[in-house]
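Shown next, in structure tokens, is the structure this report addresses.
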Protein chains: 2
Amino acid sequence: MKKAVVLFSGGLDSTTCLALAKSEGVDCYALSFNYGQRHYAELNAAKRIIEKWNIPHHIIELPLGQWGGSVLTNKNQDILPSSQASTGIPATYVPARNTIFLSFALAWAEIIKTNDIYIGVSAVDYSGYPDCRPEYIAAFQRMANLATKTGIEEGKIKIHAPLIHLSKAETIKLGLSLGIDYKMTVSCYQANANGHACGQCDSCVLRKKGFREAQSVDDTLYYS
Amino acid sequence: MKKAVVLFSGGLDSTTCLALAKSEGVDCYALSFNYGQRHYAELNAAKRIIEKWNIPHHIIELPLGQWGGSVLTNKNQDILPSSQASTGIPATYVPARNTIFLSFALAWAEIIKTNDIYIGVSAVDYSGYPDCRPEYIAAFQRMANLATKTGIEEGKIKIHAPLIHLSKAETIKLGLSLGIDYKMTVSCYQANANGHACGQCDSCVLRKKGFREAQSVDDTLYYS
């Protein structure tokens with residue numbers, strides 16, 4: 001049975017990515033981060049999903065919040081939908097976040113002796129973050145193979161991003177076909193302690209659009 | 001004045017790298033990690049050097065030790081010189097270490113708004129770690145420019161590795177010309193609490209060889 005490290009936030013995309021890897025018979029090792037994100041509710045969602053699926057799970061404490069650089073780690077700034085904010089990469093961008101996450105995944109992959117890492121990024125219905133694009137994933141994979149003992153001695157490390165060319169609606173359809181209960185997942189950037197969503201932020205807007213386009217019932221709980 | 005993040009362990013190489021950047025008029029932001037390394041004395045050395053040079057310094061707490069995967073984060077394993085151990089990449093290799101370190105440097109660089117990162121790796125007199133080679137540094141730089149808002153919107157991120165083609169002796173000569181007091185630095189993998197060195201590990205062997213070839217006085221304090 002092939003082993004893999006799967007980056008897992010408890011959100012819609014990474015839950016679908018994890019379910020997909022599981023469905024393909026991969027022995028999944030889920031990796032989450034408590035990086036000072038204001039939507040801590042996603043980590044609670046992650047824990048509940050992991051408990052249900054009963055797979056190894058590691059949560060790493062990362063002090064990214066103390067640096068600032070993102071509204072996602074700063075409770076004193078409002079999260080505006082990007083349509084109301086400046087153009088370009090939105091204020092919810094966290095500097096080098098996926099690079100830091102993938103670097104830890106790479107370390108864990110070496111330690112559990114696997115060449116495979118999964119990440120649930122998408123470059124279709126996404127927030128414009130540079131570290132969700134195919135060219136970034138390819139460059140990280142290339143770097144990873146030069147960086148590590150595994151890459152040098154054991155053969156090719158592969159960064160799997162199976163959702164990268166899927167729209168949110170396609171991801172949702174895929175997840176529903178795999179039996180995911182999306183009510184368990186949290187996407188909202190400012191979810192409250194119960195995991196209820198704001199319905200306004202970019203992440204909520206993309207999620208709502210995805211369910212609408214997939215013609216599926218969206219039973220996400222909203223607080224506003 | 002150009003700003004840069006400088007990875008800084010308190011060892012011989014990164015101290016030379018920091019001194020070199022300072023001598024070129026760079027406004028240095030030093031970044032260290034408490035990653036569970038058994039040679040915690042290097043962090044004390046880092047703090048003393050930073051205090052003397054009076055530059056901004058950030059120490060990040062990273063839970064790499066809990067994962068295992070290296071004798072460098074496991075106090076229960078002996079550190080043998082690689083000449084007495086197996087061939088290939090030595091047991092002191094820490095999975096994905098420089099990739100994790102550079103990822104945090106990348107985040108901090110974005111936050112303080114600079115495109116420049118310094119790392120004191122060398123591919124000449126080194127321990128055979130894959131993440132010290134020029135092809136790795138080039139691949140990380142390429143990835144970093146695709147990963148970040150800085151890389152996309154502000155122009156080229158550069159990973160400076162000014163010692164990469166220098167022998168240990170050449171690095172020492174450079175550092176002495178910059179006025180470094182190498183007694184303040186700690187290289188040993190199993191330095192004691194006072195920062196005294198074992199004289200036996202790969203890092204000590206390389207350091208001794210460097211001073212010998214540089215025909216310089218090595219006033220490192222050894223406990224054995």
Q | Leading residue by the ranking (surrounded by the fewest Cβ atoms within 10 Å (Cβ to Cβ)) among those in region B:112-150 that are within 9 Å of chain A (Cβ to nearest Cβ) and basic (Lys, Arg) | A | B:ARG142
**Q.** Residue under evaluation B:PHE101, criteria (1) touching a residue at least 60 places away in the same chain (Cβ under 8 Å); (2) within 14 Å of chain A (Cβ to nearest Cβ); (3) touching a Lys or Arg at 6+ places or on another chain (Cβ under 7 Å), criterion not met
**A.** (3)
**Q.** Criterion violated by A:THR220 - all others in (1) without any contact (Cβ under 8 Å) to a residue 40 or more places away in the chain; (2) in a helix (DSSP H, G or I); (3) of a type in the set (S, T, N, Q) satisfied
**A.** (2)
(Q) Quick check on region B:194-205. Is at least one of its residues charged (D, E, K, R) and outside any helix (DSSP H, G or I)? (A) no
**Q.** Residue within region A:35-56 that is of a type outside the set (Val, Ile, Thr), within 15 Å of the chain's Cα centre (by Cα) and under 30 Å from A:LYS156 (Cβ atoms) present
**A.** yes
Q) of a type in the set (A, V, I, L, M, F, W, C), part of a helix (DSSP H, G or I), touching a residue at least 24 places away in the same chain (Cβ under 8 Å) and surrounded by fewer than 20 Cβ atoms within 10 Å (Cβ to Cβ) - does that describe any residue in region B:180-189? A) yes
Q: Quick one: which residue in B:ASN34, B:ASN54 is free of Cβ contacts under 8 Å to residues at least 12 places away in the same chain and surrounded by fewer than 18 Cβ atoms within 10 Å (Cβ to Cβ)?
A: B:ASN54
Q) Taking A:ILE172, is it part of a loop (DSSP other than H, G, I, E, B), β-branched (Val, Ile, Thr) and either away from chain B (no Cβ under 14 Å) or touching a residue at least 40 places away in the same chain (Cβ under 8 Å) (or both)? A) no
Q.
I'd like to check something: does region B:158-174 contain any residue that is within 20 Å of A:ILE89 (Cβ to Cβ) and surrounded by 20 or more Cβ atoms within 10 Å (Cβ to Cβ)?
A. no
Q) Among (1) at pLDDT below 95; (2) part of a loop (DSSP other than H, G, I, E, B), which single condition is B:GLY151 missing? A) (2)
Q.
With the structure loaded, tell me whether B:PRO90 is more than 19 Å from A:GLU135 (Cβ to Cβ) and within 8 Å of another protein chain (Cβ to nearest Cβ) or whether it fails that test.
A. no
Q.
For region A:196-212, check the following and say yes or no: at least one residue is out of contact with any strand residue (DSSP E or B) (no Cβ under 6 Å at 6 or more places or on another chain) and under 25 Å from A:ALA105 (Cα atoms).
A. yes
Q: Can you give me the number of residues within region B:88-111 that are at positive phi and buried (at least 20 other Cβ atoms within 10 Å of the Cβ)?
A: 1
**Q.** Filter pass, A:GLY69 being at the interface with another protein chain (Cβ under 10 Å from one of its Cβ atoms), touching a Pro at 6+ places or on another chain (Cβ under 7 Å) and at pLDDT below 85
**A.** yes
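The values are calculated or read from the model by the stated rules, or taken from the named source; none is laboratory data. Keep in mind that what you see is a predicted model, and the values were worked out from it rather than measured. Here Cβ is always computed from backbone atoms with ideal geometry, including for glycine, and neighbour counts include all displayed protein chains.
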